[in-house]
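Asker: First, the structure itself, so that you have it in front of you.
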Protein chains: 2
Amino acid sequence: MNVLVIGANGQIGERLVRQLQESKKHNPIAMIRKEEQLAKFKEQGVQTALVDLEGNIEDIVNIVKSADAVVFTAGSGGHTGPDKTMLIDLDGAIKSMKAAQQAGVKRFIMVSGIGVHRWHDTNRLDWMDSSPVYSAAKYYADAWLERSDLDYTIIRPGKLNNNNRTGKVTVADNLPHKQISREDVASAIITSLENNETIGKSFDMINGETLILEALKKL
Amino acid sequence: MNVLVIGANGQIGERLVRQLQESKKHNPIAMIRKEEQLAKFKEQGVQTALVDLEGNIEDIVNIVKSADAVVFTAGSGGHTGPDKTMLIDLDGAIKSMKAAQQAGVKRFIMVSGIGVHRWHDTNRLDWMDSSPVYSAAKYYADAWLERSDLDYTIIRPGKLNNNNRTGKVTVADNLPHKQISREDVASAIITSLENNETIGKSFDMINGETLILEALKKL
């Protein structure tokens, strides 16, 4: 499968690109924003695309056309301001969805955040109170995707860490704000791509005791 | 008609409250955020509600219940940052829509901005290039409303000025970025409330040569 990874230079993105390449079954296309990020991927023999999510949808459409599936794992990150949260995490995400629709690519995986579907609930997770702008951005991006005609899977991982891959997770509608490794998030994305039972599913995910494939098949 | 004006202390909001009161046909309920804004409305004999759009939806539901229609004309304004654009112009707007739905109040008028429905188009109006965060916020709020089951009208006024009411406008899907007085915007809101033909309509609006009622009936 040709998988367009939007946000390939991010911490989940770079792991996903590597795992896709190692799988031998898939071909990652690393979509990145800055020219200086190109070299790293080219050295790894990874196909790249230089596209700015703040630009036109047409620029995204052009590269989505060469993919069978899209993974959105771009994030403006903690070092930029709330303007970029609006323009990347929300608007960039929805422009990517529109691009996929225009390109006729149905499969779309969104990397979201644990509990963001409960952003408007009084019993939402505590972390959202200190990140309201980010929470709202992810909430509306996910809501748009769920209302679209795309074959979506929305993965809402918990607190991210850089531990090794365990291959084991817990998935559910609502989970406590516990940890998960970025390596396992990347693995769960690939397992989702390979299992169409995950289409139309949105779920929280933390590290746990169940093998990823088994956990996702039970959703 | 009992009309909840969300953002009553704003420049369109205060004009709308006054015009509703002068109409003798309607009863404005001024929803405001700050306690110090209360006195002004109380002196005018206007019913008030102190509700923070960054708070819980339930707080909005409670006051919407006493209204027959909701007008959203709140805006974080130019003196705050993009965090408030997300939390007021986008999230506050959609929380107000959800509150109206929960309260069973169907009629919802949105004050938007000229051309924001073309935010993702390459031929969009120039003003959006210098206000991308605001443009995106209004675009997604309007899109949510159009996809809702509310009886909406979305008014997208041009460049706002403080001129007197002319009572004459031009309305259309796409208009150039020309001026309109806030008094005329307030009048068009009331005319929309009084004419159910405007339900399900979204339009740009600038000052023009056609009486407001006539212009809106032609939509």
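Asker: When you check A:ASP149 against the structure, is it on the phi < 0 side of the Ramachandran plot, exposed (fewer than 15 other Cβ atoms within 10 Å of the Cβ) and within 14 Å of another protein chain (Cβ to nearest Cβ), yes or no?
Answerer: Yes; evaluated as a whole, the condition is true for this residue.
Asker: Are any residues in the stretch A:26-62 of a type in the set (S, T, N, Q) and more than 18 Å from A:ILE12 (Cα to Cα), and if so, which ones?
Answerer: A:ASN56, A:ASN62
Asker: Then there's this: For the stretch A:101-115, how many residues meet the condition of being crowded, with 22+ Cβ neighbours inside 10 Å and more than 14 Å from the chain's Cα centre (by Cα)?
Answerer: 1
Asker: Looking at (1) in contact with a helix residue (DSSP H, G or I) (Cβ under 8 Å, 6 or more places away or on another chain); (2) surrounded by 21 or more Cβ atoms within 10 Å (Cβ to Cβ); (3) not β-branched (Val, Ile, Thr), which is the only condition B:GLY13 fails?
Answerer: (1)
Asker: Same structure, new question: Can A:VAL46 be described as within 23 Å of A:SER187 (Cα to Cα) and either away from chain B (no Cβ under 14 Å) or acidic (Asp, Glu) (or both)?
Answerer: It is true that A:VAL46 is within 23 Å of A:SER187 (Cα to Cα) and either away from chain B (no Cβ under 14 Å) or acidic (Asp, Glu) (or both).
Asker: Does the stretch B:60-82 contain any residue that is within 14 Å of chain A (Cβ to nearest Cβ), surrounded by fewer than 21 Cβ atoms within 10 Å (Cβ to Cβ) and modelled with pLDDT of 95 or more?
Answerer: Yes.
Asker: Sticking with this one: Among the residues in the stretch B:146-160, are any in a helix (DSSP H, G or I), in contact with a Lys or Arg (Cβ under 8 Å, 6 or more places away or on another chain) and modelled with pLDDT of 95 or more?
Answerer: Scanning the stretch B:146-160 turns up no residue that is in a helix (DSSP H, G or I), in contact with a Lys or Arg (Cβ under 8 Å, 6 or more places away or on another chain) and modelled with pLDDT of 95 or more.
Asker: Could you list, in sequence order, all residues of the stretch A:19-36 that are of a type in the set (D, E, K, R) and in a helix (DSSP H, G or I)?
Answerer: A:GLU22, A:GLU35, A:GLU36
Asker: Yes or no: A:ARG182 among the basic types (Lys, Arg) and surrounded by 21 or more Cβ atoms within 10 Å (Cβ to Cβ)?
Answerer: In short, yes.
Asker: Would you check if there is a residue in the stretch A:113-132 being charged (D, E, K, R), closer than 25 Å to B:LEU87 by Cα and in contact with a helix residue (DSSP H, G or I) (Cβ under 6 Å, 6 or more places away or on another chain)?
Answerer: yes
The values are calculated or read from the model by the stated rules, or taken from the named source; none is laboratory data. All of these numbers come straight from a predicted model, not from anything done at the bench. We place every Cβ from the backbone using ideal geometry, glycine too, and count neighbours over all the protein chains shown.
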